[in-house]
Amino acid sequence: MPHPAPAPQSTFFTPKRLPLSLLAATLAGSLLLGACGQKSSAPAAAIGDATAATLKTNADMAQTLALDDQQDFEDAKRGLIARPEGKILGPTGEVLIDFDAWKFVEGPAPATVNPSLWRHARLNAQIGLFKVTDGIYQLRGFDIANMSIIEGKTGWIIVDPLTSKESAAAAIAFARKHLGDKPVTAVVFTHSHADHFGGALGVITPEEVASKKIPVIAPDGFMEEATSENILVGTAMARRSGYQFGKDLERSAKGMVDTGLGKAVAYGSIGVLEPNQLITRQTQELAVDGVNFVFHNVPGAEAPSELTFSIPDKKAYAGAEILAQTMHNLLPVRGAKARDAQRWGLYLEQALEQSADADVYFGQHNWPVWGKARIAEFITKQRDVYKYTHDQTVRLINAGYTPYEIADKIKLPKSLESYFGARGYYGDLRHNVKAVYQFYIGAYDGNPANLDRLPPQESAKHYVELAGGADKAIAAAQTAFDKGDYRWTAELLNHVVFADSSNKNAKELLARTYEQMGFMAEASTWRNSYLTAASELRNGPPAKGVNRAAMIDMLGQTPIERFLEAMAAGLNGPNAEGKDYKLNLVLTDTKESYVLWIENAVLHHKKAAPVKDANATLTLTKTIFIKMMAGTAGVKDTLFSDDLKVDGSKIDLVRFFGLIDKAPGTFAIVTK
């Protein structure tokens, strides 16, 4: 039988006096922040070898592409100044980036890696400091994204300072070692994804920005999008991102070889700088430390808030992340709002004109492209991948086909399929098709049988019973596995495992199946997902969530409303039924006050002065509130703090927050 869901984590107390440290512990569980986690302590089972069917599939793939084409390798190595060695360590000594971990990514493709993905992984393994053109440099491989450096009149303009403070600091220190010790005179954030702003505090401090009046430039809406993306559903997205990026996989030919956009994410300390110069117009010229930029707003495609730019004097065009050396995601496997493929294609049509005079394209992932004709070809192919995906999906929607049918039907034309820069190393055509379907008409396919489907565990029991029991289902799955029919094997065994997650034979065969699917996958995100699933079938889900203290610098810049929205989304509705608690929240340092109340099992909030009929009033600083919500406030921060005071019923206050479920972010995915 499937394991029952954990009981709601609500807390009720009867003592007359309640320690504030206990209040802090209750509050800490109420914020739905992400958790990517650490592996369980169980010993890992051995990873299998490629089967004959996998070997044949990969060999056949190798015959369909010009894998020996050297142009991309010449581009990826061009302008190399120096390669880094050693490791980048996190705040507690953990390894964030190990430059030596990728030395195995060399030579012919091993049997356990799709040969096209292996080629791409080798290209992304060209790590170091590179000269793009006179006055423009890039640091690649210090994180999943690139840090770009543009020489200004008096110092460096930093474009996208990576994911973490530690990786950004290591990157800029490496640049200074080889280029000279120049100050940062401006920062540009191209868009609102954390791998492009999270390391800002590793290159400059807020105090330096303020005292030296340093421009921090970003697209319109940046701060709202940057601080909100991972708050509301951050727990689920972060848990699933561990699959997408292969966070806990070994770096090997049987494990994680790439992420598609770069080698790996530096899961360190994440912060942000508040922009003081927003790009608000569609096209906006701006002189930054003596360099003339032409910025272009491109919101609502790859990111809700994003810009690209040209530097006419250097004949350079920067495509941010609407361009990369791979098909991108219209819907990441970690989860997000579905992206607008049609708008994306229109932006790339505009990019052709915006880059017409450029001699070099450089992006915030992967490697550059040189030469006007090659840049135009690159942008044109990317444009048509998204336009073709959009138009053909819509055509088949209108013909009555369902998402999975369309995903199996659509193939790119040979002119696009043969172009490496448009292949699905990060995104995947089959997944993107489903994103277009969802974008327009939702996940429901129109078949009434799917209006009120049984939960997976319940339907799984019926399927296993219909098969004649688990043993017969496993035997059928083994036959399919031996034939190399892995998609059917996975579907069949998924029912067995969901019907009984303790069935070791089913879990092991499903793990072996996922391994083979991973070994054949061209998309790094699919490979990482399959191999992570195999590991969790054998070893269980993560034992612990990510350290939320790593996000404190960014959370401090997040408006209180985002936290209150997340709290409302975490309210346990059944437990809140019939409750009518009301709370005043007063933030002394920001001079803000809010009223929170439960009505009809819904948590509401409004910015208002404290009300007299509240059960309790919680008065504290925003700093303490953020630490409590993130679970990093200790006894000294609360019990002995002059910055926190409770008036009214402490019992009701804890009961109020006790109705908000804790979300550790370690939930099972491949077993239930």
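The values are calculated or read from the model by the stated rules, or taken from the named source; none is laboratory data. These numbers were taken from a predicted model, which means no experiment stands behind them. Virtual Cβ from ideal backbone geometry, glycine too; neighbours counted across all protein chains shown.
Under the condition of being assigned to a helix (DSSP H, G or I) and free of Cβ contacts under 8 Å to residues at least 12 places away in the same chain, which residue from region 70-117 is nearest to GLY268 (Cα to Cα)? Reasoning before the result, please.
Going residue by residue through region 70-117, those that are assigned to a helix (DSSP H, G or I) are 71-77, 99-102, 115-117.
If we keep only those that are free of Cβ contacts under 8 Å to residues at least 12 places away in the same chain too, we end up with 71, 74.
Numbers: GLN71: 34, GLU74: 32 Å.
Selected residue: GLU74.
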So, first residue within 12 Å of VAL385 (Cα to Cα) in region 418-441, second residue of a type in the set (Ser, Thr, Tyr) and buried (at least 19 other Cβ atoms within 10 Å of the Cβ), Cβ within less than 6 Å, six or more apart or across chains; the pairs are ASN432/THR389; VAL433/THR393
All-but-one check, TYR444 against (1) at pLDDT 95 or above; (2) surrounded by fewer than 16 Cβ atoms within 10 Å (Cβ to Cβ), failing number (1)
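What do you reckon, is VAL497 under 29 Å from the mean Cα position of the chain (by Cα) and in the same structural domain as LEU261 (by TED's automatic domain parsing)? Give the derivation first.
Details: under 29 Å from the mean Cα position of the chain (by Cα): yes; in the same structural domain as LEU261 (by TED's automatic domain parsing): no.
Taking the combined requirement at face value, the residue does not satisfy it.
If only one of ASN292, ASN297 is in contact with a strand residue (DSSP E or B) (Cβ under 6 Å, 6 or more places away or on another chain), surrounded by fewer than 21 Cβ atoms within 10 Å (Cβ to Cβ) and either not assigned by TED's automatic domain parsing to the domain that holds LEU331 or not β-branched (Val, Ile, Thr) (or both), which one is it? Let's see the steps before the verdict.
On the way: ASN292 fails: in contact with a strand residue (DSSP E or B) (Cβ under 6 Å, 6 or more places away or on another chain).
Testing whether each residue is in contact with a strand residue (DSSP E or B) (Cβ under 6 Å, 6 or more places away or on another chain), surrounded by fewer than 21 Cβ atoms within 10 Å (Cβ to Cβ) and either not assigned by TED's automatic domain parsing to the domain that holds LEU331 or not β-branched (Val, Ile, Thr) (or both) leaves just ASN297.
The rows are residues; the columns are (1) within 29 Å of the chain's Cα centre (by Cα); (2) buried (at least 22 other Cβ atoms within 10 Å of the Cβ); (3) more than 30 Å from LEU117 (Cα to Cα).
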residue: GLN438; (1), (2), (3): yes, no, no
residue: ALA470; (1), (2), (3): no, no, yes
residue: ASN503; (1), (2), (3): no, no, yes
residue: GLY518; (1), (2), (3): yes, yes, no
Reported set for region 118-160 where residues are among the charged types (D, E, K, R) and outside any loop (DSSP other than H, G, I, E, B) is ARG119, ARG122, LYS131, ARG140, GLU151
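Residues being among the small types (Gly, Ala, Ser), under 23 Å from GLU250 (Cβ atoms) and in contact with a Phe, Trp or Tyr (Cβ under 6 Å, 6 or more places away or on another chain): count how many of those fall in region 43-85.
Keep residues of region 43-85 that are among the small types (Gly, Ala, Ser), which gives 44-46, 48, 50, 52-53, 59, 62, 66, 76, 79, 82.
Retained after the next criterion (residues that are under 23 Å from GLU250 (Cβ atoms)): 44-46, 48, 50.
Those still in the list that are in contact with a Phe, Trp or Tyr (Cβ under 6 Å, 6 or more places away or on another chain) too: 50.
Going through region 43-85 one residue at a time, the tally reaches 1.
Would you check if there is a residue in region 563-582 being under 25 Å from GLY271 (Cα atoms), in contact (Cβ under 8 Å) with a residue 40 or more places away in the chain and either among the hydroxyl-bearing types (Ser, Thr, Tyr) or assigned by TED's automatic domain parsing to the domain that holds LEU273 (or both)?
Kept after step one, since they are under 25 Å from GLY271 (Cα atoms), are these residues of region 563-582: 563-570.
This time we only want the ones that are in contact (Cβ under 8 Å) with a residue 40 or more places away in the chain, so: 563-567, 569-570.
From what is left, the residues that are either among the hydroxyl-bearing types (Ser, Thr, Tyr) or assigned by TED's automatic domain parsing to the domain that holds LEU273 (or both) are none.
Checked region 563-582: no residue is under 25 Å from GLY271 (Cα atoms), in contact (Cβ under 8 Å) with a residue 40 or more places away in the chain and either among the hydroxyl-bearing types (Ser, Thr, Tyr) or assigned by TED's automatic domain parsing to the domain that holds LEU273 (or both).
Can you find a residue that is touching a residue at least 12 places away in the same chain (Cβ under 8 Å), of a type in the set (Phe, Trp, Tyr) and either assigned to a loop (DSSP other than H, G, I, E, B) or not assigned by TED's automatic domain parsing to the domain that holds ILE311 (or both) anywhere in region 359-371?
Going through region 359-371, the residues touching a residue at least 12 places away in the same chain (Cβ under 8 Å) turn out to be 359-371.
Filter once more, so that each one left must be of a type in the set (Phe, Trp, Tyr): 361-362, 367, 370.
From what's left, either assigned to a loop (DSSP other than H, G, I, E, B) or not assigned by TED's automatic domain parsing to the domain that holds ILE311 (or both): 367.
Yes.
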Among helices (runs of 4 or more DSSP H) completely within region 413-470, the ones holding 2 or more residues that are among the aliphatic types (A, V, I, L, M) and out of contact with any strand residue (DSSP E or B) (no Cβ under 8 Å at 6 or more places or on another chain) are 429-441, 456-466
Only unsatisfied item for GLY319, checking (1) of a type outside the set (S, T, N, Q); (2) without any contact (Cβ under 8 Å) to a residue 40 or more places away in the chain; (3) closer than 22 Å to LEU123 by Cα; (4) touching a helix residue (DSSP H, G or I) at 6+ places or on another chain (Cβ under 7 Å), is (2)
Residue pairs within 6 Å by beta carbon, gap of at least six or interchain, first lying in region 518-537 and touching a residue at least 12 places away in the same chain (Cβ under 8 Å) and charged (D, E, K, R), second surrounded by fewer than 24 Cβ atoms within 10 Å (Cβ to Cβ) and part of a helix (DSSP H, G or I), listed first then second, are GLU522/SER116
Of LEU429, LEU416, the only residue that is within 25 Å of THR402 (Cα to Cα), among the aliphatic types (A, V, I, L, M), modelled with pLDDT of 95 or more and in contact with a Phe, Trp or Tyr (Cβ under 7 Å, 6 or more places away or on another chain) is LEU416
Would you call VAL394 modelled with pLDDT under 95 and in the same structural domain as LEU232 (by TED's automatic domain parsing)? no
Residue within region 99-108 that is modelled with pLDDT under 95 and touching a Ser or Thr at 6+ places or on another chain (Cβ under 9 Å) present
no
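Check every one of the helices (runs of 4 or more DSSP H) wholly within region 161-245 and list those with 3 or more residues that are in contact with a Gly (Cβ under 6 Å, 6 or more places away or on another chain) and assigned by TED's automatic domain parsing to the domain that holds PHE99. Walk me through it before giving the result.
Working: elements: 165-179, 206-212, 222-228, 234-244.
Because the criterion is at least 3 residues that are in contact with a Gly (Cβ under 6 Å, 6 or more places away or on another chain) and assigned by TED's automatic domain parsing to the domain that holds PHE99, the helices (runs of 4 or more DSSP H) in region 161-245 that meet it are 165-179, 234-244.
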Within region 351-378, of all residues that are exposed (fewer than 15 other Cβ atoms within 10 Å of the Cβ) and small (Gly, Ala, Ser), the one farthest from ARG122 (Cα to Cα) is ALA356
Selection from region 379-404 of residues buried (at least 23 other Cβ atoms within 10 Å of the Cβ) and more than 19 Å from VAL436 (Cα to Cα) yields ILE379
### Task
With the condition kept exactly as written, say whether any residue in region 122-140 is assigned by TED's automatic domain parsing to the domain that holds GLY242 and without any contact (Cβ under 8 Å) to a residue 40 or more places away in the chain.
yes
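Taking the stated definitions as given, is TYR267 buried (at least 18 other Cβ atoms within 10 Å of the Cβ), assigned by TED's automatic domain parsing to the domain that holds PHE142, among the aromatic types (Phe, Trp, Tyr) and part of a loop (DSSP other than H, G, I, E, B)? It would help to see each step written out before you state the result.
Working: buried (at least 18 other Cβ atoms within 10 Å of the Cβ): yes; assigned by TED's automatic domain parsing to the domain that holds PHE142: yes; among the aromatic types (Phe, Trp, Tyr): yes; part of a loop (DSSP other than H, G, I, E, B): yes.
Criteria met by TYR267.
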For helices (runs of 4 or more DSSP H) lying entirely in region 491-558, having 1 or more residues that are in contact with a Phe, Trp or Tyr (Cβ under 7 Å, 6 or more places away or on another chain), at pLDDT 95 or above and within 30 Å of GLY268 (Cα to Cα) picks out 504-520, 524-539
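Do you know which residues across region 270-311 are of a type in the set (Val, Ile, Thr) and in a strand (DSSP E or B)?
Kept after step one, since they are of a type in the set (Val, Ile, Thr), are these residues of region 270-311: 270, 272, 279-280, 283, 288, 291, 294, 298, 308, 311.
Once the filter is applied, which keeps residues that are of a type in the set (Val, Ile, Thr) and in a strand (DSSP E or B), region 270-311 yields ILE279, THR283, VAL288, VAL291, VAL294, THR308, ILE311.
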